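A.B. asks: One structure is given below, represented as structure tokens, and several questions about it will come after.
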Amino acid sequence: MSDILTAESGSKLYLLGNEAVVRGALENGISVAATYPGTPSSEIGDTFMDVAKDAGMYFEFSANEKVALEVAAAAAASGLRSFVWMKHVGLNVASDSFMSIAYTKIRAGMVVLTADDPSCWSSQNEQDNRWYARLGNTPVLEPSSPQEMHDLMKYAYEISEKSELPVLMRTTTRISHMRGVVTVGPVNVGKRKGEFEKDATRFPILPAIAYVAHKRIIATLAELAKDADASPWNKVYKRGGKLGIITSGPTFNYAMDVVDEYDLKADVLKLTYTYPFPEQTVLNFLKDHETILVAEEVDPIMEKEVLAILGKYGLQRKIYGKLDGTMPMPYEFSPDILKAGISKALGVTLPEKAAATSGLTLPARPPVWCAGCPHRATFYAAKKAVEHLGIKNAVFPADIGCYSLSAAAPYRMGDYCLSMGSSVGLANGIDAATDQKVMAFIGDSTFFHSGMPAVVNAVHGDHKIVIVVLDNRITAMTGGQPNPGMPMNGMGEVAPEISIEQIVKAMGVGFVKTVDPANLAATQAVMEEALQFDGVAAVISKHPCVMIKTEEKSEKSTRQKLIFTVDKEKCDECMVCVTQFSCPAMFIDKDGKVAIDAEQCNGCAVCVQVCPQKAFRVRR
Amino acid sequence: MKNYCVYIAGVGGQGVVRTSVIIGLACVKKGVGIVMSEIHGMAQRGGSVPAEMKIGDAYSPIIEQGGTDLLISFEPAESLRAMNKLSKDTVAVVNTRPIVPVTVALGTSMYLDPQAYIDELKTKLKKVVVLDAESIALEAGNVLSLNMVMLGAAAATPGFPLEKEFLVAAMKDNLPARAMDANLRAFDMGFQQATKDLQ
């Protein structure tokens, strides 16, 4: 059993932020937890999957973030403490219901964690979800470490229950994926079942109810503003000096390391409870300092709050921040970026450590599909099908998942992607707006998440599109979580498996065929049929994710898998395999012929079907 | 104490995160402070995967320009990826086995003779320990122990703040019991090779 659940009170654990927050929830009466996986929040779900059953609580991987939020909201409305988390863009999906929770109020604590991704490590944008607190009328807490992610759960539930509002906890990649020492308290899981008591004045959210509720929300937020001002979590780290630094989240860490390393005379105001903005706390800090640096990732939200306070109270202070160009507007910060900002605000030059330099150009190493990944075979077969039929200028919208990498060389097939589920919707639009053939690619989990309404739209709108569902039997890119297409749920229990094939048939898709992409010729033939079909065609390309399989095999022995090699006599250096198929296990050897790295080969045998000379064979 | 900064470079799938977790756990066992930053998600699919950590009393795990005390690099070219975080005072432990990215076969990138990256590192850094960690791991009984060869070699470098007892205890907490013999052998062989190299 995981020590996240079993560790005794007072233990010091070495935890990822995303693990620490789970322990924090388990110590503070959690009953119901739900999520849709998304980096950088995914390990929270992985950890709950490990412990939920033993802890006697409920946890699910929901079909999407909106459902997850609704599960958590209903639990909190039924008197149970709940927790829901997602990556920043996941809150866009959940936002429709999120906006209404403040209006209906809740009855037990509810925490919504958003894991933002400055610098777009694993995301399509670097949106700053602190705006959502202002849109959705929810308090915001911003932790700076795994210990704080743990500790703030208690505080968040207290704020939530006092205000009857959900609390938004904003982490970033560098906090969720920061690992550190966490001192834990006693586990105290909440009761498993509550009761939904009806209240016709709150929960139906009719216009008349919302009209009244909005006024109440404004009063509640005014009360919370006083709490934010009194919060022990908003704290000055005094070093004495005329410069004051206002900061939060990971940026606080960078600021402190720079101030301490160079022994600078600058006080740091760490804001953790950042909405409602603690006006009096900040006003006092402004009065105590001649110069102010506001340092925050991504948007200048606190900086504009500070400027508003200066205006409101008629105070004159020099403010350094994003708006005057001192701090960069996009991307995550670092100690070096803070050092530059603090130097400018202090008007000093700090000593530079001489960094090593190199004139060598390094090879680009973008993420790629694993050796043996079924996506590679699917896209290869699709490309061949389009070429064989002589279709020119076809458009290939792809979706969010490992198969987003189809946009890279040599496939260049992820032509258009906006968000989860967008591939099929975009395909509808391309068909309506152009005469180009369109083939959308969507993963199994993404299909369930938000792809389905666009399939209905395509059938009803009579769009002539091909939808390829890459069913690799797992939610892969986020580390391998179960989804509705699998016979297992988030508690690790057996669950009904939903058939994608039956869904699309029921939706009225006229052409539905399932293929195994490991058989290239058969897959290409079905793709060609689909491309010639007069209506909506769906090809379900079904083959398990190789990463999951490899992990299973490595448990037994790494030597059980088939490994392929190249018959050097047969290889005529045509390079079709490396330039068109492009498997990371292949490389060009010193003799100019293709070779296979036995450590990377996963034995999928697709290269055997790709090679015109049949030069690949099983290694003996 | 002054913070001791470790940068671990490698490629997704090589065990970078696991190695850094073991170092961190060893810090907890010794009772010294540790903060660490990992990369998860899409970048892990065969991309560059760095982990950085500060042992001591730092708030942030992110290493400043020139601030790395020890570089543990699982791959020759990757050892130069974060050159600006290294300085002439950095000690490095580097695995010789290249992992050539697909961009090379596609003709959009060059991969030099791996020795060229190691030679470059040697001219810029104080001390570079070079080892064929894969061969050593195979000799120890399991190629998957490559990361423990690297850890053993790192433990032998001057200034490394964690004694073997803490690292071994952390390994026992974090690695499967049935692979422990091979992992301990791999650690020792890495340690011995680096000790010899450093003399």
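Read-outs throughout are calculated quantities, based only on the coordinates presented, and are distinct from any laboratory measurement. Note that the coordinates shown come from a computational prediction; the quantities given were computed from them, not determined experimentally. Cβ coordinates were reconstructed from backbone atoms using ideal geometry, including for glycine residues, and neighbour counts include every protein chain displayed.
A.B. asks: Non-local amide H neighbours of residue A:234 (under 5 Å, H modeled in plane, Pro and chain starts lacking H): which ones?
C.D. replies: Amide H neighbours of residue A:234: A:272, A:273.
A.B. asks: A follow-up question, please. Determine, for B:157, A:47, A:565, the number of other Cβ atoms within 10 Å of each Cβ, and report the residues in order from fewest to most.
C.D. replies: Numbers: B:157 21, A:47 24, A:565 15.
Lowest count first: A:565, B:157, A:47.
A.B. asks: What list of ³J(HN,Hα) couplings, whole Hz, do you get for segment A:534-543 from phi and the Karplus terms 6.51, -1.76, 1.60, once you set θ to phi - 60° and write x for glycine and proline?
C.D. replies: 8, x, 7, 10, 10, 10, 9, 9, 10, 6
A.B. asks: Then there is this: Compute the long axis of helix A:520-532 from its Cα atoms, compare it with the longest principal axis of the Cα atoms of chain A, and write down the angle in degrees, 0 to 90, nearest 10.
C.D. replies: 80
A.B. asks: Sticking with this structure for a sec: With a point put 7 Å past each Cα toward its Cβ, work out how far residue A:548 is from residue A:238 in nm, to one decimal.
C.D. replies: With each label placed 7 Å out from Cα toward Cβ, I get 5.7 nm.
A.B. asks: Still on this model: With charges set only on the Cβ (+1 for Lys and Arg, -1 for Asp and Glu), what does the dipole of segment A:561-618 come to about its Cα centre, in debye to the nearest 20? Walk me through the intermediate numbers first.
C.D. replies: Values: 7 positive and 8 negative charges, 35 e Å.
Using only the charged Cβ atoms, the result is roughly 160 debye.
A.B. asks: Have a look at A:298, A:274, A:285 and report the one farthest towards the positive end of the charge dipole of segment A:273-313, computed about the Cα centre with Cβ charges (Lys/Arg +1, Asp/Glu -1).
C.D. replies: Farthest towards the positive end: A:285.
A.B. asks: Who wins for biggest fluctuation among B:54, B:29, B:85 in a Gaussian network model of chain B, springs between alpha carbons below 10 Å?
C.D. replies: B:29
A.B. asks: While we're here: Full-extension gain between residue A:433 and residue A:567, please, as 0.36 nm times their residue separation minus the C-alpha to C-alpha distance. Working shown, then result.
C.D. replies: Values: separation 134, 0.36 × 134 = 48.24 nm, distance 4.91 nm.
Length difference between fully extended and current span is 43.3 nm.
A.B. asks: Same structure, new question: In what sequence, highest mean first, do B:106-113, A:74-81, A:246-253 appear when ranked by Cβ atoms within 10 angstrom? Each step should come with its number before you reach the end.
C.D. replies: Working: B:106-113: 15.4, A:74-81: 23.4, A:246-253: 27.8.
Those peptides, ordered most packed to least, come out A:246-253, A:74-81, B:106-113.
A.B. asks: Using mean Cβ contacts within 10 Å as the protection proxy, how do B:73-81, A:417-425 order, highest first?
C.D. replies: Values: B:73-81: 25.9, A:417-425: 23.1.
Result, highest mean first: B:73-81, A:417-425.
A.B. asks: For the charge dipole of segment A:86-179, defined by +1 on Lys and Arg C-beta atoms and -1 on Asp and Glu C-beta atoms about the Cα centroid, which residue among A:114, A:143, A:156 has the Cα displaced farthest towards the positive pole?
C.D. replies: The listed residue farthest towards the positive side: A:156.
A.B. asks: Please list, in chain and number order, the residues 5+ apart from residue A:30 or on another chain whose amide H is under 5 Å from its amide H, with Hs placed from the backbone.
C.D. replies: Those qualifying (amide H under 5 Å, at least 5 residues apart or on another chain) are A:190.
A.B. asks: Neighbour counts of other C-beta atoms within 10 Å: give me A:85, A:369 arranged from fewest to most.
C.D. replies: Values: A:85 33, A:369 25.
Ascending number of Cβ neighbours within 10 Å: A:369, A:85.
A.B. asks: Could you point to the residue in A:390, A:379, A:411 farthest towards the positive end of segment A:338-419's charge dipole, with +1 and -1 charges on the Cβ of Lys/Arg and Asp/Glu respectively?
C.D. replies: Of the listed residues, the answer is A:411.
A.B. asks: Under a Cβ-only charge scheme (Lys and Arg +1, Asp and Glu -1), can you give me the dipole magnitude of segment A:7-230 about the Cα centre, in debye to the nearest 20?
C.D. replies: Numbers: 23 positive and 27 negative charges, 98 e Å.
Dipole size: approximately 480 debye.
A.B. asks: Still on this model: When DSSP beta bridges are limited to those with both residues in chain A, what percentage is antiparallel, rounded to the nearest 5? Intermediate values should be presented prior to the final figure.
C.D. replies: Numbers: 18 of 72 bridges.
In chain A, approximately 25 percent of DSSP beta bridges are antiparallel ones.
A.B. asks: Further question on the same structure: Taking the Cα centre of chain A as the origin, how large is its charge dipole in debye, to the nearest 20, when only Lys and Arg (+1) and Asp and Glu (-1) carry charge on their Cβ atoms? Numbers along the way, then the final one.
C.D. replies: Values: 63 positive and 71 negative charges, 37 e Å.
The calculated dipole for chain A is roughly 180 debye.
A.B. asks: So what's the net charge close to residue A:243: Lys and Arg +1, Asp and Glu -1, counting the other residues with Cβ under 13 Å from its Cβ? If you can, show how the numbers build up before the last one.
C.D. replies: Working: positive: A:238, A:239, A:242, A:265, A:317, A:318, A:344; negative: A:267, A:288, A:290.
Here the count lands on +4.
A.B. asks: Please list, in order along segment A:373-384, the HN-Hα scalar couplings obtained from phi with the Karplus expression 6.51 cos²θ - 1.76 cosθ + 1.60 (θ = phi - 60°), rounded to whole Hz, x for Gly and Pro.
C.D. replies: 5, x, 4, 4, 5, 4, 5, 4, 5, 5, 5, 5
A.B. asks: If I model a spin label as a point 7 Å beyond the Cα along the Cα-Cβ vector, how far apart are those points for residue A:199 and residue A:350 in nm?
C.D. replies: 4.9
A.B. asks: Provide a whole-number value for the mean count of partner chain Cβ atoms within 10 Å of the Cβ atoms in peptide A:170-182. Intermediate values should be presented prior to the final figure.
C.D. replies: Working: counts 0, 0, 0, 5, 5, 1, 2, 9, 8, 13, 12, 9, 1.
Counting Cβ atoms of other protein chains within 10 Å of each residue's Cβ and averaging gives 5.
A.B. asks: By how many nm would the segment from residue A:576 to residue A:313 grow when fully extended, if each residue of separation counts as 0.36 nm and the alpha-carbon distance is taken off? Each step should come with its number before you reach the end.
C.D. replies: Working: separation 263, 0.36 × 263 = 94.68 nm, distance 7.01 nm.
Additional length available on full extension: 87.7 nm.
A.B. asks: Note down the nm distance, to one decimal, between modelled labels 7 Å out along Cα→Cβ at residue A:360 and at residue A:162.
C.D. replies: 5.7
A.B. asks: Same structure again: Okay, which of segment A:567-581 sit inside 19 Å, backbone N to the point 7 Å along the Cα-Cβ direction of residue A:388?
C.D. replies: Under cut-off, by backbone N: A:576-577, A:580-581.
A.B. asks: In addition: Fully extended, how many nm does the chain gain between residue B:112 and residue B:135 (0.36 nm per residue separation, minus their Cα-Cα distance)?
C.D. replies: Values: separation 23, 0.36 × 23 = 8.28 nm, distance 2.13 nm.
Stretched out fully, the residue B:112 to residue B:135 stretch lengthens by 6.2 nm.
A.B. asks: Here is a follow-up. Quick check on the exposure proxy: order A:491, B:53, A:329 from fewest to most C-beta atoms within 10 angstrom. Kindly include the intermediate steps, with their values, before the conclusion.
C.D. replies: Working: A:491 18, B:53 28, A:329 11.
Lowest to highest Cβ neighbour count: A:329, A:491, B:53.
A.B. asks: Now for a separate question. Ordered by residue, what ³J(HN,Hα) values in Hz, to whole numbers, does segment A:399-415 give under the Karplus form 6.51 cos²θ - 1.76 cosθ + 1.60, where θ = phi - 60° and Gly and Pro are x?
C.D. replies: 10, 8, x, 4, 6, 4, 5, 4, 5, 7, 5, x, 7, 6, 10, x, 6
A.B. asks: Just for segment A:7-230, what percent of DSSP beta bridges are antiparallel, to the closest 5?
C.D. replies: 20
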